[in-house]
Amino acid sequence: MDAPKTFTAKVFRPEDDGPDRPARGLDGDALRQQTTIYRDDMLAGQTVLVTGAGSGMGKATAFLAAKLGAQVAICGRDGEKLQTTVDLVREETGGEVLAVPTNIRDPDAVEALIAKVHDHFGGLDTLVNNAGGQFPQDAIDFSRKGWLAVIDTNLNGTWWMMQEAAKRWRADGKAGNIVNIVANVERGMPQAAHTCAARAGVIYLSKTLATEWAQWNVRVNCIGPGVIETEGFRMYPEEALARFHKANPMRMRGNAWDVAEAIAYLASPAARFINGDLIVIDGGQAQWGVIWPGGMPDYFKDDGAA
C-alpha cells in the first residue's frame, strides 16, 4: 500500500511591511482631495462612532462625518493608527475626535467604550460597525484558531457593539442608528468562507433587530462593499489583485470614499425611513463574477469562467 501523501496547506498572509506589498487605498492627502455632494452641516449636532477607524473605510467615514459637522468618536486596536485619523480630522476640519483603543471582541471593553462616548459627547446618534478582518484561504485548510478569530471579530464583536449601543438608547429614550459594514455574500465567498459566514450572520441579525428595535426608534441597516481598494489589499497575492476588478461588469475597483458617502446618507435625515436593508456597493458584482482572494484555482480556469 502506498504511503499517504503529505499535504501542505496554501496560506496567503504576507507581511504588511513587505516590499511587494505597497500601501494602497486613500491616504491623508487623497482623502483631503475628495469631494462630496452633501452640504457641510448635514450631520451637525450628531455624534457618530466608527469602529476600525484607523485606516481604510473606517478612516474615510470618520473624516467625512467630521467634514459634515458631526462629533466623531473612533475606536480600533491600534492606538497609533487611530491617532493618524485624529490628526487628519483636526488638521482638515478642526473637529473634535474622541479616540478610544478598543478590542471589540471584549464585551466589557465595548461597554466601557459606549459609556465613554456618552459621557464625553452626551449621547450617540449613529454607530458604524466597520471593524473586522479576514484572510484568504481555502476553507478546508482553516485552523480552529483562524476560524474563531474571524467569527469572533466580525460577528460577535459587531453584536456586542450593537447591543450595548441599543441598551443606552432604550434607557435614555433616544433614537439610534446602526450601520453595519458587511460583504456581498449572496453568491458565497470562495476562499473567505469564515467572513462570509460571519457577515451573513450580521446581515440577518440586522434584519431581525431592525424589527425588534423599531419600537425604540432604532434603525439597523447594512452596507455590503464589493472590491474596495484599501490598505487591506496587502493581504492578497498579486495573482488575485490582478483580476479583482474583473469581477464586476464596470471592471473597476471602488474606494473607501464610495462607502463613506453611503454611510453618511444612512446617517442623514434623508434615510429616516430606511430600516432592515442591505445596500450593496459593488459595481454589479453580485450578478457578474466571483472573487478569488487567494488566486483562482486551476480547476475553475475554464473558458467562460467569471
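The values are calculated or read from the model by the stated rules, or taken from the named source; none is laboratory data. Predicted model only: the values in this text are computed from it and were never measured. Every residue, glycine as well, gets a Cβ built from its backbone with ideal geometry; the counts of neighbours run over all protein chains shown. Ligands, DNA and RNA are stripped out before the accessible areas are found, and what is left, the full protein with its side chains, is counted by its heavy atoms. Shrake-Rupley method; radii C 1.70, N 1.55, O 1.52, S 1.80 Å.
I'd like to compare 128-140, 266-278, 110-122: which one has the highest average count of other Cβ atoms within 10 Å, and what's the full order after that? List each step's numbers first, then the result.
On the way: 128-140: 21.0, 266-278: 15.2, 110-122: 17.2.
Ranking, from highest mean packing down: 128-140, 110-122, 266-278.
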Check your understanding: Where the only charges are on Cβ atoms (+1 Lys, Arg; -1 Asp, Glu), what is the dipole of the range 63-160 about its Cα centre, to the nearest 20 debye?
Key -> 120 debye
Revision key, fill the gap. The set of residues whose placed amide H lies less than 5 Å from the amide H of G176, leaving out same-chain residues fewer than 5 positions away, is V218, R219
Exercise for review: Could you pull out every residue, at least 5 positions away or on a different chain, whose amide H is within less than 5 Å of the one on C222? Hs are placed 1.01 Å off N in the peptide plane, and Pro or chain starts have none.
Suggested key: N180, D277, L278, I279
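Ranked from the most accessible area to the least, with a 1.4 Å probe and all protein chains present, what is the order of F300, F142, F63?
F300, F142, F63
I'd like the per residue volume of the convex hull spanned by the Cα atoms of the chain, given in cubic angstrom. Spell out each step's value before the answer.
Working: hull volume 45.6 nm³, N = 306.
Here the figure is 149 Å³ per residue.
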Practice item. List, in order, the whole-Hz ³J(HN,Hα) value for each residue of the range 164-177 obtained from phi through the Karplus relation with A = 6.51, B = -1.76, C = 1.60 and θ = phi - 60°; use x for Gly and Pro. Key: 5, 4, 5, 4, 5, 5, 5, 5, 8, x, 10, 5, x, 9
Review point. Hey, which lysines would be in cross-link range of K207, C-alpha to C-alpha under 21 Å, not counting anything within fewer than 8 residues on its own chain?
Key: K167, K174
Review point. How far apart, in nm, are the 7 Å Cα→Cβ label points at Q163 and R90?
Key: 3.5 nm
Review point. Once the Cα atoms of helix 256-267 and of the chain are each reduced to a long axis, what angle between those two axes, in degrees from 0 to 90 to the nearest 10, is obtained?
Key: 40 degrees
Review point. So, by mean Cβ neighbours within 10 angstrom, what's the order for 220-227, 150-157 with the highest one leading?
Key: 220-227, 150-157
Check your understanding: Under the Karplus relation 6.51 cos²θ - 1.76 cosθ + 1.60, θ = phi - 60°, what is the ordered set of whole-Hz ³J(HN,Hα) values for the range 128-135, x standing for Gly and Pro?
Key -> 10, 8, 9, 4, x, x, 6, 9
Point to revise | R39 versus D119: modelled label distance in nm, points set 7 Å from Cα along the beta carbon direction | key: 3.6 nm
Study note, to complete from the structure: Heavy-atom accessible area per residue of the range 47-123, all protein chains kept, 1.4 Å probe, expressed in Å², is 38 Å²
Study note, to complete from the structure: Simple spin-label estimate for D78/M250, 7 Å along Cα→Cβ, in nm, reads 2.7 nm
Check your understanding: Does the range 154-274 come out rounded, prolate or oblate by the C-alpha gyration tensor, with a ≥ b ≥ c the root eigenvalues, rounded set by a/c under 1.5 and, if not, prolate when a/b is larger than b/c and oblate if not?
Key -> prolate
**Study point:** Considering only the chain, percent of DSSP beta bridges that pair antiparallel, nearest 5
**Key:** 5 percent
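Would you mind working out the magnitude of the charge dipole of the chain relative to its Cα centre, with +1 at each Lys and Arg C-beta and -1 at each Asp and Glu C-beta, to the nearest 20 Debye? Could you put the intermediate results ahead of the total?
Numbers: 31 positive and 38 negative charges, 125 e Å.
About 600 debye.
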Point to revise | Alpha-carbon centroids, the range 212-289 and the range 130-189: separation in whole Å | key: 15 Å
Practice item. Quick one: which residues, 5+ away or cross-chain, put their amide H under 5 Å from the amide H of I74? H built at 1.01 Å from N. Key: V50, L98, A99, V100
